[in-house]
Amino acid sequence: MKNYDYEQTEFSKSVLAGLFAGIFATFTNLIFNFGFRAITDYNPSELINVSSIIMCSIVIVTIAGIFFYFLHHHVKGGSILYRVIFIILTVVAVYYAMQVQRSDDALVSKQFQELLSGSIIILGAFIVFYVPYLYNHEKVFS
């Protein structure tokens, strides 16, 4: 039987950290989505639905993991810069999400803004905190 143990590269650790964080962010976003819809009776689902949550969460956080690699590997203090950049991006995205006019009905627009903002905050939190955490804890991948 062959032994396939090998050392993870920094790039592979970053991609895996982004992928795992994206999977956890997906589950968290799905729980938030179902809970929000159950509490508020928000029903329209053309834009924010299960498939868009799954695809967007995994893809966005995995790309953030790759971005983490480039900042962490090539920039002194890249980890801190990564966090600052994504905190700012999250705040800006939430600001613009709260400006979206989804419908002529004010309640539907407000609920859409809250649902979208909550999803963005969840993604931002996983990108800012969980990607670097997973990258720095090697036992997670073994």
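Looking at Y130, Y69, Y135, which one is surrounded by 18 or more Cβ atoms within 10 Å (Cβ to Cβ), touching a Lys or Arg at 6+ places or on another chain (Cβ under 6 Å) and touching a residue at least 12 places away in the same chain (Cβ under 8 Å)? Break it down into steps so the answer makes sense when it comes.
Numbers: Y130 fails: touching a Lys or Arg at 6+ places or on another chain (Cβ under 6 Å); Y69 fails: touching a Lys or Arg at 6+ places or on another chain (Cβ under 6 Å).
The match here is Y135.
Can you confirm whether I58 is closer than 16 Å to A17 by Cα, crowded, with 16+ Cβ neighbours inside 10 Å and in contact with a helix residue (DSSP H, G or I) (Cβ under 8 Å, 6 or more places away or on another chain)? So that I can check it myself, show each step before the final result.
Working: closer than 16 Å to A17 by Cα: yes; crowded, with 16+ Cβ neighbours inside 10 Å: yes; in contact with a helix residue (DSSP H, G or I) (Cβ under 8 Å, 6 or more places away or on another chain): yes.
Spelling it out, I58 is indeed closer than 16 Å to A17 by Cα, crowded, with 16+ Cβ neighbours inside 10 Å and in contact with a helix residue (DSSP H, G or I) (Cβ under 8 Å, 6 or more places away or on another chain).
Candidates V94, V84: the one that is in a helix (DSSP H, G or I), buried (at least 16 other Cβ atoms within 10 Å of the Cβ) and not small (G, A, S) is V94. From the list F32, F24, the one residue that fits, being farther than 18 Å from V131 by Cα and among the aromatic types (F, W, Y), is F32.
A quick yes/no check of all residues on (1) touching a strand residue (DSSP E or B) at 6+ places or on another chain (Cβ under 6 Å); (2) over 22 Å from L47 (Cα atoms); (3) outside any helix (DSSP H, G or I):
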residue: Q99; (1), (2), (3): no, no, yes
residue: R102; (1), (2), (3): no, no, yes
residue: K110; (1), (2), (3): no, no, no
residue: Q113; (1), (2), (3): no, no, no
residue: G118; (1), (2), (3): no, no, no
residue: I121; (1), (2), (3): no, no, no
residue: F129; (1), (2), (3): no, yes, no
residue: P132; (1), (2), (3): no, yes, no
residue: K139; (1), (2), (3): no, yes, no
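Can you tell me which residues in segment 108-142 are in contact with a Pro (Cβ under 7 Å, 6 or more places away or on another chain) and closer than 23 Å to F11 by Cβ? Listed by number, the list is empty, since nothing qualifies.
Candidates in segment 28-49 are the residues that are modelled with pLDDT of 90 or more and surrounded by 13 or more Cβ atoms within 10 Å (Cβ to Cβ); of these, the one that is farthest from L107 (Cα to Cα) is T28.
The values are calculated or read from the model by the stated rules, or taken from the named source; none is laboratory data. As the structure is a computational prediction, the values presented were derived from the model and not from experiment. Methodologically, a virtual Cβ is constructed for each residue, glycine included, from the backbone with ideal geometry; neighbour enumeration extends over all protein chains shown.
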